[in-house]
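Report on one structure; see the data block that follows.
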Amino acid sequence: MTDSMVIDSRFCGPPGSGNGGYVCGRVAAYLDGPATVTLRRPPPLATPMTVEQDGDSSVRIQHGHTLIAEATSSPGSPAPQIPGPVSMAEAHAVAGRARYYTDPVFPDCFVCGMNRPPGDGLGIFPGPVTDRPLWAAPWTTDASVTGAGGNVRPEVVWAALDCPSGIAASEAAGLGQDTAILLGQMTASVAVPPRPGDQCLVIAWPAGRDGRKLLAGSALLGPGGTVLATASAVWLTVPRPVPALAAEGQS
């Protein structure tokens, strides 16, 4: 079974390519339930890509003869262990205070780019919580990212879980200014998508390192601290500046 998928330019991450979490969410939509998506090459923007679906458990995204992404269902994947609670007041107090924002690699990113006006980007700007290896950011959901049922679209939830985990992973690893990271793999589960106008909280935490791979977890919390979605991610270190559409995916 084949289909076609296009990533609109609004949903960019690095220059010329789609935001990794958003793209992973789009790919995961072809499967039921939790999924693991591996990015093999940066996904091009505004370009038709071929979707090759193999039954209900796996899918591949191709651009010509180039494999862009592949995904498998992962219903048995354990949910990441969420660290202790963070208040909305704490999140507002640290928002935008990550070291990343002193010299952002991707200032136009759909999720964490400060160049994006309100209502265009998601405006999720994490900062480190005091005395804990945890990063947090408030997020007020916008009507422009809702689906037909009135909830925030699942791929946007995947996107929201993406960048905060990368910032947490890179800052915990103490990466220098000559090194950037790109999303290699993401496993996520969306239990309850938020509705437009919800006052949400995104938290993220480092989960280790394996060579050039950085591991991290993230969670989306709704009003009252309800866990709406969780994710685990593998990030790949690359030299900075990042050449557009040039990085390799998870191996």
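The values are calculated or read from the model by the stated rules, or taken from the named source; none is laboratory data. Fair warning: this is a prediction, and the values are worked out from it, not measured in the lab. When we count neighbours, we look across all protein chains shown, and the Cβ atoms used for this are built from the backbone with ideal geometry, even at glycine. Ligands, DNA and RNA are excluded from the accessible area calculation, which covers all protein heavy atoms including side chains. Shrake-Rupley method; radii C 1.70, N 1.55, O 1.52, S 1.80 Å.
Could you tell me which numbered condition residue 159 fails, if it satisfies all but one of (1) open to solvent by 20 Å² or more (accessible area, probe 1.4 Å); (2) within 23 Å of residue 77 (Cβ to Cβ); (3) at pLDDT 95 or above?
Checking residue 159 against (1) open to solvent by 20 Å² or more (accessible area, probe 1.4 Å); (2) within 23 Å of residue 77 (Cβ to Cβ); (3) at pLDDT 95 or above, the one that fails is (1).
Inside region 131-232, counting only strands (runs of 3 or more DSSP E) that do not spill past its ends, which hold 1 or more residues that are closer than 30 Å to residue 6 by Cβ and without any contact (Cβ under 8 Å) to a residue 60 or more places away in the chain?
Details: elements: 135-140, 179-190, 199-210, 213-221.
Answer list for region 131-232: 179-190, 213-221.
If we keep just the residues of region 71-85 that are touching a Gly at 6+ places or on another chain (Cβ under 9 Å) and surrounded by 18 or more Cβ atoms within 10 Å (Cβ to Cβ), which is nearest to residue 201 (Cα to Cα)?
80
If you check residue 249 against the conditions, is it touching a Leu at 6+ places or on another chain (Cβ under 9 Å) and either more than 17 Å from residue 99 (Cα to Cα) or modelled with pLDDT under 95 (or both)?
Working: touching a Leu at 6+ places or on another chain (Cβ under 9 Å): yes; either more than 17 Å from residue 99 (Cα to Cα) or modelled with pLDDT under 95 (or both): yes.
Judged against the criteria, residue 249 is a match.
Of all residues in region 107-129, how many are polar (S, T, N, Q) and open to solvent by less than 10 Å² (accessible area, probe 1.4 Å)?
So in region 107-129, the residues polar (S, T, N, Q) come out as 115.
If we keep only those that are open to solvent by less than 10 Å² (accessible area, probe 1.4 Å) too, we end up with none.
Residues meeting the conditions: 0.
Could you identify the single residue in 56, 32 that is without any contact (Cβ under 8 Å) to a residue 40 or more places away in the chain and assigned to a loop (DSSP other than H, G, I, E, B)?
Numbers: 32 fails: without any contact (Cβ under 8 Å) to a residue 40 or more places away in the chain.
Residue meeting the stated conditions: 56.
Only one of (1) β-branched (Val, Ile, Thr); (2) in contact with a Ser or Thr (Cβ under 9 Å, 6 or more places away or on another chain); (3) in a helix (DSSP H, G or I) is not met by residue 27, so which one is it?
Failing condition for residue 27: (2).
Only one of these conditions is not met by residue 56: (1) within 25 Å of residue 11 (Cα to Cα); (2) open to solvent by 60 Å² or more (accessible area, probe 1.4 Å); (3) among the acidic types (Asp, Glu). Which number is it?
(1) is the only condition that residue 56 fails.
If I ask for residues that are under 27 Å from residue 135 (Cα atoms) and at pLDDT below 90, which ones from region 35-74 would you list?
74
Among the residues of region 97-106, write down those that are touching a strand residue (DSSP E or B) at 6+ places or on another chain (Cβ under 6 Å) and open to solvent by less than 40 Å² (accessible area, probe 1.4 Å).
Narrowing region 97-106 to residues touching a strand residue (DSSP E or B) at 6+ places or on another chain (Cβ under 6 Å): 97-98, 105.
Passing the criteria: 98, 105.
Residues are listed down the side, and each one gets a yes or a no for (1) at positive phi; (2) aliphatic (A, V, I, L, M); (3) under 15 Å from the mean Cα position of the chain (by Cα):
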site: 55; (1), (2), (3): yes, no, no
site: 64; (1), (2), (3): yes, no, no
site: 69; (1), (2), (3): no, yes, yes
site: 73; (1), (2), (3): no, no, no
site: 90; (1), (2), (3): no, no, no
site: 95; (1), (2), (3): no, yes, no
site: 116; (1), (2), (3): no, no, no
site: 135; (1), (2), (3): no, no, yes
site: 140; (1), (2), (3): no, no, no
